[in-house]
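Have a look at the structure below before the remarks.
Here, each number is a calculation from the coordinates, and none is a lab measurement. No experiment lies behind these values; they were computed from the predicted model shown. Cβ placement follows ideal geometry from the backbone for every residue including glycine, while neighbour counts extend to all protein chains displayed.
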Amino acid sequence: MDALSQVLRSFHLRASFLAAWDLAAPWGLSFQPSEGAPFHYVESGDLWAVGRDGSSVHAEAGDMIVVFSGAGHRIGDRPSSRAETIESVRAHQAPDALLRFHGGSGRHTKIVCGQFHLDERLGGPVTLRQLPPLFHIHGATESASGGLQRLLELLAIELRSGAAGAEHAAALLTEGLLIHVLRFVLATDAPVKNGWLEGLRDPHIAAALAAIHGEPEKDWTLATLARRTGLSRSAFADRFHARVGVPPMAYLTSARLDLAARWLRETTLSVAEIYNRLGYSSASAFNRAFKRERGVSPTAYRERGRARA
């Protein structure tokens, strides 16, 4: 399995807030800061996206904008158009509508809005925050005109169809959409922060990331990971740290404990089963590592999750 697929296995993606919009100028929509990564795809017409810092991006038909930072922003027919909050606009429409309308009587624009949500922990090894804060994919570019463009078009068709199962189909398409977006980032020189995606750009470090996420239970050492990459231990350690931002063994520990936390939340596996699956030699070693990372013991973490549910 390739390195990107191995890394993607370590978190759960879910889509939310999916809807197609028919808009007429003048129009504007504002979005509050989010834990996810909102995206906007322009089916026809055009829009302006404006960040909280005043930076703006003009997107035309076929383009996609992803706010990987999750920061508050607004979109509209012009940068200066008055923007209503998305919550206030939705409050006056059917709550479960997949096709929505907004604006005046001017030129028309059709878009799809959605949001990528990852089961991630801020500061954990796998996060979308390492990607460009406001990322613009031009639909006319060669690397975006293939599978990514067809998937965006299919997503719009599903949301506008009103067919049975359209909402679920659109959510599943969004999972594939994120993979295509990440491929696009990897294939371009888009600036990203040090982290897992920057590591995937380096074939040697990508091999180590695939090993860590593909076999988290294996008794990895700096030497065995270095051998997997074909580098010496010192060269591998330096290169991994430079690309990913943390030492290899620290990344391994964090990846294992993030997986443990997910299993504690989502499965009935016992604590003993979890630490055995992740290669820990004893319950005490696992408990110490988990508490150091999460602030509570594995048992307390699971009980707290059940109480919130």
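Here the chain is assigned +1 on the Cβ of each Lys and Arg and -1 on the Cβ of each Asp and Glu. Its dipole about the Cα centre then comes out at about 1100 debye.
Between Arg129 and Ala164, how high is the FRET efficiency from 1/(1 + (r/R0)^6) when r is the Cβ-Cβ distance and R₀ = 30 Å? Nearest 0.05. Write down the numbers at each step before the final one.
Numbers: r = 36 Å, r/R0 = 1.22.
So, using R0 = 30 Å, E works out to roughly 0.25.
Just checking the listed ones, Val50, Val66, Val89: in the Gaussian network model of the chain with Cα springs under 10 Å, the one fluctuating most is Val89.
The label-point distance for Arg78 and Arg306, in a model that sets each label 7 Å from Cα toward Cβ, rounds to 5.9 nm. Taken over region 7-154, the ratio of Cα radius of gyration to 2.2 N^0.38 Å equals 1.03. If the elastic network links every pair of Cα atoms under 10 Å, which of Ala24, Ala156, Ala49 fluctuates the most in the Gaussian network model of the chain? The residue that fluctuates most here is Ala24.
Modelled spin-label separation between Gln93 and Ser56, with each label point placed 7 Å from Cα along the Cα-to-Cβ direction: 2.4 nm. Along its three principal directions, the equivalent ellipsoid of region 197-308 from the Cα gyration tensor extends over semi-axes of 29, 14, 12 Å, largest first. Taking every Cα-Cα distance in the chain and sorting them into 10 Å bins from zero, the calculated P(r) comes out as 6, 24, 29, 22, 14, 4, 0 percent. Once Rg and the Kirkwood radius are both taken over the C-alpha atoms of region 268-307, their ratio Rg/Rh works out to 0.96. Size descriptors for region 203-266 (Cα atoms only): Rg and Dmax, in that order, 11.8, 39 Å.
Can you give the calculated 222 nm mean residue ellipticity of the chain, where each DSSP H run of n ≥ 4 adds -39,500 (n - 2.57) and the sum is split over every residue, rounded to the nearest 500 deg cm²/dmol? Display every interim value, and only then the final one.
Numbers: 12 runs with 135 residues, N = 309.
It lands at -13500 deg cm²/dmol.
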